[in-house]
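The values are calculated or read from the model by the stated rules, or taken from the named source; none is laboratory data. Note that the structure is a prediction, hence the values are computed from the model and not measured. Neighbour counts run over all protein chains shown; Cβ positions are idealised from the backbone, glycine included. Surface areas here come from the heavy atoms of the whole protein model, side chains and all, with no ligands, DNA or RNA. Shrake-Rupley method; radii C 1.70, N 1.55, O 1.52, S 1.80 Å.
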Amino acid sequence: MATKVYKALADPTRRKILQLLRERDMNAGELAEHFDFSKPTLSRHFSVLQEADLIQGTREGNFVIYRLNVTVLEETMMAMMEMFGLEPGGNLDEK
């Protein structure tokens, strides 16, 4: 699971999608307005994020509404902080 999450977070486009979904849930068309990619390219990004369980898609009529799975994102960030010996809210310059 962690490998899929790190792979998903490694791409700047996918990080931008997560930032947008942090603001509010959106459908694919709303997300596409922020990028100059083809729909199949964005669809692949959505798939990678869903495989990592970072986002969830729910069909509502003709649309799929995407929402951020905050729990997985928080768990990943906490694991990374532990890996590097960082404290939440700590200063990176302290050592």
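Among the residues of the range 44-60, the one identified as open to solvent by less than 50 Å² (accessible area, probe 1.4 Å), of a type outside the set (A, V, I, L, M, F, W, C) and either farther than 14 Å from Arg15 by Cα or not in a helix (DSSP H, G or I) (or both) is Gly57. Tallying residues that are touching a residue at least 40 places away in the same chain (Cβ under 8 Å) and more than 18 Å from Thr71 (Cβ to Cβ) within the range 1-47 yields 2.
I need the full set of residues from the range 68-81 which are out of contact with any helix residue (DSSP H, G or I) (no Cβ under 6 Å at 6 or more places or on another chain) and not in a helix (DSSP H, G or I), in order please. Matches in the range 68-81: Asn69 only.
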